[in-house]
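Here the structure is laid out as structure tokens; the discussion comes afterwards.
Values in this text are rule-based calculations from the coordinates and carry no lab data. These numbers were taken from a predicted model, which means no experiment stands behind them. Here Cβ is always computed from backbone atoms with ideal geometry, including for glycine, and neighbour counts include all displayed protein chains.
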Amino acid sequence: MKFKRKLFVSYLLIVFIPFLAAELYISSVLESRLLQQTENHIFKEACLLKTIIEKDYKNSTPSYEINSLIRKMGRALGERITFINNRGTVLGDSEIAPEELKNIEDHSSRPEFIQAFRTSHGLAIRYSTTLKINMMYVAVKIAPQDKFLGVIRVAVPLIDVKKFIKQTEYGLFAAFLVCMALILILNIAASARLSKPVEEITRTAQEISRGNLQARVYTRTRDELETLGRSINLMASEIQKRVSEISEEKETLQAILRGMSDGVMVIDGDGKIALINRVLHDLFHGDVSATGKTPVEIIRNADFQDGVTQVLDTGKPFKMELPLTTADTERIFDITIVRLTHQDKTAGAVAVFHDITDLKRIEKVRRDFVANVSHELRTPLTSIKGYAETLCHGEIEDLSRAKSFARIILKHANRLSSLVNDLLSLSQLESQRT
């Protein structure tokens, strides 16, 4: 629902609800008051008629005289008057011809007659089957000298009461229509003032939601709408700042990942691959669909998958050496898997693949080199030791033979010196390379 329509509905409810309450209250109170006034009026008339009848009425008076008296009273008062004897028989009615009285049904069961008989007067409001309209009946008991002769009943139609109430309701409705017209005018005036800044705020909020963080609200209404506009502008600026910071952090992270010589795999909390860097991407045949897969689908090794699961479940780091075939080449990786956390909860894991193939090859070369050097050193040392021990024990008396032994010792010593010089040269070259 648009703002203008909501504003109109609000104004409508502000007027309609009090109007409805007032209309119900006034109708109810007015009807009650009018009925009470009507009852009091005809009760006084009935009491007056009772006094007249009790004064003039005698048991020997013929019924046609009673009927004549009732008809005269009815014409004088302009109301329907009925005289009912103590047996419930209608002896006179101001609006019924004398010859038709015998056709009127017995009135002893009428509520106003019964109530008047039991007390002193009775009241009833009902639909008259004779006159075909709603009537109010007030009956007063006639009992001179405590002798119950009957009741005098005065009846008035309630059509005037209903008509007056309807006129009042029409007047209230007319007032309501006038208020509605004023509301419509007020709504048009208020909408022109309020809807424009609201629509501007709405458009700006929609632009921000679409990603246009440059959008701003320029409303100057000096009220709550202006405060709301400033809040939206502040929110947009803050979002723009945060997005810029996140973008910078993302670019920095991507630069770091691109610059790393090690492979990196990021696993989310569900154990699916969220990110792999270019190095790892190229190592495994350039698989561009790694995102969203499980690690074992890319690194086809159950131990690696178990390591990822262990880190996600326990949070403890996991290390392993794993030989893998990449691009038809056997390589060895030192893999470290650690947990990623967010607000002290496991958010995923990151695995770093450090290629140690060359390191392993160098270690093997060094082992072979040490073994070869040991063998090369052992041979001349054994010869030097043997000839030197022979000379030391004095077992050779021939000087020429002793000189021969000395030359052999010198030869092997020179060989050892050459080996040592070679080792020193290799050490210097290794130091310069480092």
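Assign unit charges at the C-beta atoms only (+1 for Lys and Arg, -1 for Asp and Glu), then state the dipole size of the chain relative to its Cα centre in Debye, rounded to the nearest 20.
1780
Counting every Cα pair in segment 211-259, what percent are over 12 Å apart?
Counting every Cα pair in segment 211-259, those more than 12 Å apart make up 68 percent.
Would you please calculate the Kirkwood hydrodynamic radius of segment 201-349 over all C-alpha pairs and express it in Å, rounded to one decimal?
Computed over Cα pairs of segment 201-349, the Kirkwood hydrodynamic radius comes out at 18.7 Å.
Ranking H281, H393, H41 by Cβ neighbours within 10 Å, fewest first, what do you get?
H393, H41, H281
Would you mind checking which residues have amide H under 5 Å from I267's amide H? H placed 1.01 Å from N; only 5 or more apart, or other chain.
Distant-sequence amide H within range of I267: A274, A349, V350, A351.
Name the residues whose placed amide hydrogens come within less than 5 Å of the amide hydrogen of I356, ignoring near sequence neighbours (fewer than 5 apart) on the same chain.
I332, F333, D334
When we measure straight from the Cα of K403, which lysines land under 18 angstrom away, once same-chain ones fewer than 8 places off are left out?
Here the lysines satisfying the reach criterion relative to K403 are K385, K411.
Put +1 on the Cβ of every Lys and Arg and -1 on every Asp and Glu Cβ in segment 3-163; which of M136, V161, I14 then has its Cα farthest towards the positive end of the dipole?
Looking along the dipole axis, the top candidate is I14.
What longest region of the chain stays clear of chymotrypsin sites (Phe, Trp or Tyr not before Pro) that DSSP places outside H, G, I, E and B and that have at most 14 other Cβ atoms within 10 Å?
219-434
Projected area of the chain, taken from the Cα convex hull and averaged over every viewing direction, in nm²?
Mean projected area for the chain: 52.6 nm², to one decimal.
So if I place +1 on the C-beta of Lys and Arg and -1 on the C-beta of Asp and Glu, and nothing else carries charge, what would the dipole magnitude of segment 3-163 be about its Cα centre? I want it in debye, nearest 20.
Value, rounded to 20: 580 debye.
Bin width 10 Å, alpha-carbon pairs only: give the P(r) of segment 261-355 as whole percents, running from 0 to the bin holding the largest distance.
17, 55, 25, 3, 0
Projecting each Cα onto the charge dipole of segment 360-433 (Lys/Arg +1, Asp/Glu -1 at the beta carbon, about the Cα centre), which of A413, I362, H393 comes out farthest on the positive side?
It is I362, whose Cα lies furthest towards the positive end.
Along the principal axes of its C-alpha atoms, what lengths does segment 139-200 span, in descending order and rounded to whole Å?
Dimensions of segment 139-200 along the principal axes of its Cα atoms: 90, 18, 12 Å.
What are the DSSP H helices in the chain that stretch 20 Å or more along their long axis, judged by alpha-carbon atoms, and whose average Kyte-Doolittle hydropathy comes to at least -0.5?
3-56, 63-77, 159-209, 224-259, 357-392, 399-433
For K319, go through the lysines and keep the ones whose alpha-carbon is under 18 Å away, minus same-chain ones fewer than eight residues off.
Partners within reach: K360.
Structure shown: which of K50/K166; K241/K293; K196/K250; K272/K364; K55/K162; K72/K132 lie over 31 Å apart, alpha-carbon to alpha-carbon?
K50/K166; K241/K293; K196/K250; K272/K364; K55/K162
Counting other Cβ atoms within 10 Å, keep those with at most 12, restrict to DSSP loop, and tell me which GluC sites (Glu not before Pro) in segment 93-156 are left.
Hits after loop and neighbour filter: E105.
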